[in-house]
């Protein structure tokens, strides 16, 4: 690589330097925008996954358990030492178990939702602040 001659301050050299600075600033801005897009996309993806898992948990809790609820309720009634006319105690026991399972699923869904919120581009903001400090310094 040949050594460049020392700057003489000619208008052509000043114009070329300004153009180079402008091009580099545009590249930096484009890179920062791309970083921000990637961060937001990643966080929105986490939110979507959390919502999908929460919805799946709800669907499984409703449809999967409905198939077994009636049988469990009758089994609980059969195992409980109550008279033959008090069938409802088996159903109450199964309902209590369902509330526990639903609470666990809701807790897991809320943890996943919190890990992706808010979808702000933190790394891009930090990088932009560093660039601003470098340029102003």
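Considering only residues that are under 11 Å from residue 112 (Cβ atoms) and in contact with a helix residue (DSSP H, G or I) (Cβ under 7 Å, 6 or more places away or on another chain), look in the range 52-63 and name the one that is surrounded by the fewest Cβ atoms within 10 Å (Cβ to Cβ).
Once the filter is applied, the top-ranked residue is 53.
On the given criteria, is residue 66 surrounded by fewer than 14 Cβ atoms within 10 Å (Cβ to Cβ), more than 30 Å from residue 135 (Cα to Cα) and in contact (Cβ under 8 Å) with a residue 24 or more places away in the chain?
It is false that residue 66 is surrounded by fewer than 14 Cβ atoms within 10 Å (Cβ to Cβ), more than 30 Å from residue 135 (Cα to Cα) and in contact (Cβ under 8 Å) with a residue 24 or more places away in the chain.
Coordinate-derived values only; no laboratory data. Note that the coordinates shown come from a computational prediction; the quantities given were computed from them, not determined experimentally. FYI the Cβ positions are ideal-geometry reconstructions off the backbone, even for glycines, and counts take in every protein chain you see.
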